[in-house]
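Since the structure comes first, as C-alpha cells, the remarks are kept for the end.
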Amino acid sequence: MGGARPKAVVSDKDNLWLAKFNSDKDRWNNAIVEHAMLNLAQECGLNVAQSKIKRVGGKDVLLVKRFDREHTKDGYLRHRMFSALTALRTDDSPTSRSNWSYITLVEELRRFSTTPHEDARQLFMRMVFNALISNTDDHPRNHAFIAHTANDWRLSPAYDLTPTPMTSIEHRESAMVCGNRGRWANAKNMRSECRRFMLEPTEAESIIKTMAEFIEKGWYKTVRRVGVSERDCEAIKSAFVYQGFFME
Ligand SMILES: Nc1ncnc2c1ncn2[C@@H]1O[C@H](COP(=O)(O)OP(=O)(O)OP(=O)(O)O)[C@@H](O)[C@H]1O
Ligand SMILES: [Mg+2]
C-alpha cells in the first residue's frame, strides 16, 4: 500500500481494511490518535474514510476501510484511483516540492471532477482542518481521486490525518502551498485564494471560524471518547488551533 508506516491489508466478511500498526518508537498511541482525528474531521463536516480500532496481540491496530475496493458476489471490484501527485503532474523528490500546492490542485480538480463545487469545498475544509490539527504531513500522496463508474472522478475521502505538535507557536507549515503566503498554515493565508475553491471570502471565513471554534472547544471530548489516554492528550494538545493560525 505504500506510505511510511508498517501496514497490511486484511479482510472481514464484506470489506477490505488497511491495518496500521503502532511502532515502539511512537511518542503516543498512533492508531487511536489517527482514529480520533478521522472522527474529529467527520464531526467538522469532512468526508472521511471509515475507521475502527481492534486489539490484536495486546496492541491497538487501526483499521481503515478501503474506499478503492467494493465487495460484490464475484469478488472485489477495483475502483480507479490516482494521487494528487499525478493530478499535479509532479513527484515526491525534494526538488519537486515547489509544485505541491492546494491552489494548483483545486484548479486541476475543477477540470476533471464531476462535482467540482462540492469537491473544491471539501478540499478547502481539509486544508483548514489539517492546519487546525497541525497535520504537517498533508503531502500530495495523502490526497487522492477516485472513480466508481465510467467517468465520475471525485475527491476521495480524507485519510492519514495525524497531528504533529511542534514547538513554534507562530509558524507552522503545511506540506503544500495554501495561499499567497506559501505554505504557512494560517487563516489569512488560506482565505487569500478562497475564490479558486469557488468560495466567497465570507463563506471561507465562516468555514474557518466554525471549524476552529469546534476544534478548540471539542477536540478533547472527541479524542477521549474514542479512547485516547490522558497522557497522550497531554502529548498532542499543542497541535490544536495553534496561536499562529489566527495571526494577521
Ligand atoms: N482507506 C483507504 N482506501 C484506499 N487506499 C488508501 C486508504 N488509506 C490509504 N490509502 C492508500 O495507502 C497509502 C498509504 O496509507 P497512509 O497514507 O494511511 O499510510 P502512512 O504510512 O501513514 O503514510 P505516510 O507515508 O503519508 O505517513 C496512501 O498514500 C493511499 O494511497
Ligand atoms: Mg500517507
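The set of residues in the range 13-46 being under 21 Å from Ser156 (Cβ atoms) and basic (Lys, Arg) consists of Lys20 alone.
Conditions (1) open to solvent by less than 30 Å² (accessible area, probe 1.4 Å); (2) within 17 Å of the chain's Cα centre (by Cα); (3) farther than 16 Å from Gly3 by Cβ, marked per residue:
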site: Ala49; (1), (2), (3): yes, yes, no
site: Leu77; (1), (2), (3): no, no, yes
site: Arg80; (1), (2), (3): no, no, yes
site: Leu88; (1), (2), (3): yes, no, yes
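A quick yes/no check of all residues on (1) in contact with a Phe, Trp or Tyr (Cβ under 6 Å, 6 or more places away or on another chain); (2) over 30 Å from Ala120 (Cα atoms); (3) surrounded by 14 or more Cβ atoms within 10 Å (Cβ to Cβ):
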| residue | (1), (2), (3) |
| --- | --- |
| Ala19 | no, no, yes |
| Lys25 | no, yes, no |
| Asn39 | no, no, yes |
| Lys52 | no, no, no |
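Scanning the range 4-17 for residues that are small (Gly, Ala, Ser) and open to solvent by 70 Å² or more (accessible area, probe 1.4 Å), we see that the one that is farthest from Ser51 (Cα to Cα) is Ala4.
Based on this model, can you work out whether Ala120 counts as surrounded by 20 or more Cβ atoms within 10 Å (Cβ to Cβ), more than 16 Å from ligand 1 (Cβ to nearest atom) and small (Gly, Ala, Ser)?
Here the answer is yes, as Ala120 does meet what is asked.
In the range 6-49, the residue that is nearest to Thr222 (Cα to Cα) out of those that are within 16 Å of ligand 2 (Cβ to nearest atom) and without any contact (Cβ under 8 Å) to a residue 24 or more places away in the chain is Asp26.
Checking each residue in the range 54-73 for being within 16 Å of ligand 2 (Cβ to nearest atom) and either touching a Leu at 6+ places or on another chain (Cβ under 6 Å) or open to solvent by 80 Å² or more (accessible area, probe 1.4 Å) (or both) picks out Val64, Arg66. If the condition is being outside any loop (DSSP other than H, G, I, E, B) and either of a type in the set (S, T, N, Q) or away from ligand 1 (no atom under 16 Å from the Cβ) (or both), then the range 130-159 contributes Asn130, Ala131, Leu132, Asn142.
The values are calculated or read from the model by the stated rules, or taken from the named source; none is laboratory data. These figures come from a predicted structure and were not determined experimentally. Virtual Cβ from ideal backbone geometry, glycine too; neighbours counted across all protein chains shown. Ligands, DNA and RNA are stripped out before the accessible areas are found, and what is left, the full protein with its side chains, is counted by its heavy atoms. Shrake-Rupley method; radii C 1.70, N 1.55, O 1.52, S 1.80 Å.
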